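Here the structure is laid out as structure tokens; the discussion comes afterwards.
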Amino acid sequence: LTVLGIETSCDETAAAVVRGPLDKNILSNVIRSQIDEHTEFGGVVPEIAARAHIEILDRIVAEALQKSKCSWDDIDAVAATAGPGLIGGVIVGFMTAKAIAMAAGKPLVGVNHLEGHALTARLTDDLDFPFLLLLVSGGHSQFLLVRGVGDYERLGTTIDDAIGEAFDKTAKLLGLPYPGGPHVEKMAKKGDVTRFRLPRPLLDRPGLDMSFAGLKTALRTQAKKLEPVDDQTVADLCAAFQRAVADVLAARTKSALDLFRERYPDTAPAIVVAGGVAANQEIRASLLSAANDAEARFIAPPMALCTDNAAMIAWAGIERLLQGPVDDMKLPPRPRWPLDQSNAGVLGAGK
Ligand code: ATP
Ligand code: MG
Ligand code: FE
């Protein structure tokens, strides 16, 4: 199968052509980030994002097709993100996909963006179901049990801010540019991690839920006491913040692996990390050591496939098509779409 994928749910306009499931191959993977359009506002502006998607999506799709060296005859289906995400962008991408599918006479697959993240590791690695997924991005922070295509269970989630969001807000608070994650990481390298003591929210409670909003508040309180805050203090605060996040994720990862072993005593556990925050080296190292301690496999797909991209959407399309015929022409674009409802009530109202 050769599938054209389209992704427009946030601030990257992306199209890709992927072939599989045998001889898995990313024939093209074109991404245009809108970061420059949003930087001056310190975050993604939905209206600007939707307009930017409209302006460029045609060209991105044409480029993806050209780079893949495929003609329309070679394409078996069109897959596009149908949610969740910023609804303006989702509408642009999904309606474009519907038009292309209709004009070219190809089946349409409406992909849940989170399902794209969840299945990426099966494109890049040899990985069987079930496995654990830790999704850590600007909009999501959750542990998922991936039992099969369309069969997900959310084991735990943040009860407030997503981790990427917490990084971005912390950066803003400390006067660092958007998107904050990479800047916080860079500053943290120069920081003294022992100077400030931040909480490890929710770790005193069982389960896999997490909380990051309190961390940011605690950091603000510490920063306020020291105003004006010098560069070294910013670095020390970044180091403390990053350490706290990494500790929370490592502890929760251990619990998630314990739970996996209870449920599947005969399956070797594997944990996959995805989302923009997976770029963070200290967080990666903590997750790897948590997995090693638990004698579990740790999989981190290449960064370009961890953050938003269309190859993961095309791949999810392939996985869905392998389950049987798909026709999502009547599927509406959805701003909210929890992954554990992927198969149920798809045409109903979003939660
Ligand atoms: P979603 O995919 O959930 O809709 P998104 O598009 O914002 O949200 P991504 O593009 O996957 O998510 O990731 C962007 C987020 O990752 C931002 O919040 C950014 O600050 C964070 N991030 C990127 N690099 C790093 C890093 N090195 N350390 C920490 N966070 C990072
Ligand atoms: Mg993004
Ligand atoms: Fe994403």
Study note, to complete from the structure: Residues in the stretch 162-190 that are more than 8 Å from ligand 1 (Cβ to nearest atom), surrounded by 23 or more Cβ atoms within 10 Å (Cβ to Cβ) and not aliphatic (A, V, I, L, M) total 1
Exercise for review: Return the pairs, sorted by first residue and then second, in which the second residue is assigned to a strand (DSSP E or B) and within 16 Å of ligand 2 (Cβ to nearest atom), the first residue lies in the stretch 137-149 and is within 19 Å of ASP209 (Cβ to Cβ), the beta carbons are less than 9 Å apart, and the residues are 6+ apart or on different chains.
Suggested key: SER137/ALA274; SER141/LEU135; GLN142/LEU135; GLN142/VAL136; PHE143/LEU135; LEU144/LEU135
Check your understanding: Taking the stretch 242-291, which residues are in a loop (DSSP other than H, G, I, E, B) and modelled with pLDDT of 95 or more?
Key -> TYR264, PRO265, ASP266, THR267, ALA268, PRO269, ASN280
Check your understanding: Checking ILE91 against (1) surrounded by fewer than 22 Cβ atoms within 10 Å (Cβ to Cβ); (2) of a type in the set (A, V, I, L, M, F, W, C); (3) not in a helix (DSSP H, G or I), which test does it fail?
Key -> (3)
Practice item. Please work out which residue is surrounded by the fewest Cβ atoms within 10 Å (Cβ to Cβ), limiting yourself to the stretch 141-160 and to residues that are within 27 Å of THR221 (Cβ to Cβ) and within 16 Å of ligand 3 (Cβ to nearest atom). Key: THR157
Point to revise | Selection count where residues are more than 20 Å from the chain's Cα centre (by Cα) and either of a type outside the set (Asp, Glu) or more than 16 Å from LEU237 (Cβ to Cβ) (or both), scope the stretch 172-216 | key: 30
Practice item. Give, as residue ranges, the helices (runs of 4 or more DSSP H) completely inside the stretch 101-195 that count at least 1 residues that are among the hydroxyl-bearing types (Ser, Thr, Tyr) and closer than 20 Å to LEU1 by Cα. Key: 113-124
Study note, to complete from the structure: Of those in the stretch 251-278 that are hydrophobic (A, V, I, L, M, F, W, C), touching a Cys at 6+ places or on another chain (Cβ under 9 Å) and within 13 Å of LEU144 (Cβ to Cβ), the residue nearest to ligand 2 (Cβ to nearest atom) is ALA274
Point to revise | Answer residue from the stretch 300-312, given it is closer than 14 Å to ASN25 by Cα and within 12 Å of ligand 1 (Cβ to nearest atom) and is surrounded by the most Cβ atoms within 10 Å (Cβ to Cβ) among those | key: MET312
Review point. From the list ALA246, ALA290, ALA278, which one is away from ligand 1 (no atom under 16 Å from the Cβ) and crowded, with 16+ Cβ neighbours inside 10 Å?
Key: ALA290
Practice item. Kindly indicate whether ILE31 is within 15 Å of ligand 3 (Cβ to nearest atom), part of a strand (DSSP E or B), of a type outside the set (S, T, N, Q) and more than 14 Å from ALA80 (Cβ to Cβ). Key: yes
**Study point:** Search result, residues across the stretch 327-351 that are farther than 27 Å from ASP76 by Cα, touching a Gly at 6+ places or on another chain (Cβ under 8 Å) and either at pLDDT below 50 or among the small types (Gly, Ala, Ser) (or both)
**Key:** GLY350
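Yes/no per residue for (1) farther than 21 Å from MET95 by Cα; (2) in contact (Cβ under 8 Å) with a residue 12 or more places away in the chain; (3) among the small types (Gly, Ala, Ser); (4) within 16 Å of ligand 2 (Cβ to nearest atom):
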site: PHE298; (1), (2), (3), (4): yes, yes, no, no
site: PRO301; (1), (2), (3), (4): yes, yes, no, yes
site: CYS306; (1), (2), (3), (4): yes, yes, no, yes
site: ALA311; (1), (2), (3), (4): no, yes, yes, yes
site: GLY317; (1), (2), (3), (4): no, yes, yes, no
site: GLY324; (1), (2), (3), (4): yes, no, yes, no
site: ASP327; (1), (2), (3), (4): no, yes, no, no
site: ARG336; (1), (2), (3), (4): no, yes, no, no
Review point. Out of (1) within 17 Å of the chain's Cα centre (by Cα); (2) farther than 30 Å from GLU153 by Cβ, the odd one out for THR124 is which?
Key: (2)
Revision key, fill the gap. Counted residues in the stretch 1-28 being buried (at least 16 other Cβ atoms within 10 Å of the Cβ), in a loop (DSSP other than H, G, I, E, B) and more than 16 Å from ligand 1 (Cβ to nearest atom) come to 2
Review point. In the stretch 29-77, how many residues are surrounded by 15 or more Cβ atoms within 10 Å (Cβ to Cβ), under 21 Å from GLY180 (Cα atoms) and of a type in the set (Asp, Glu)?
Key: 1
Review point. Among all residue pairs at least 6 apart or on different chains, which show Cβ distances below 7 Å where the first residue, located in the stretch 95-124, is within 19 Å of VAL149 (Cβ to Cβ) and the second is at pLDDT below 95 and in a helix (DSSP H, G or I)?
Key: ASN112/LEU339; LEU114/LEU339; GLU115/LEU339; ALA118/LEU339
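The values are calculated or read from the model by the stated rules, or taken from the named source; none is laboratory data. Not measured: the values here are computed from a predicted model. We place every Cβ from the backbone using ideal geometry, glycine too, and count neighbours over all the protein chains shown.
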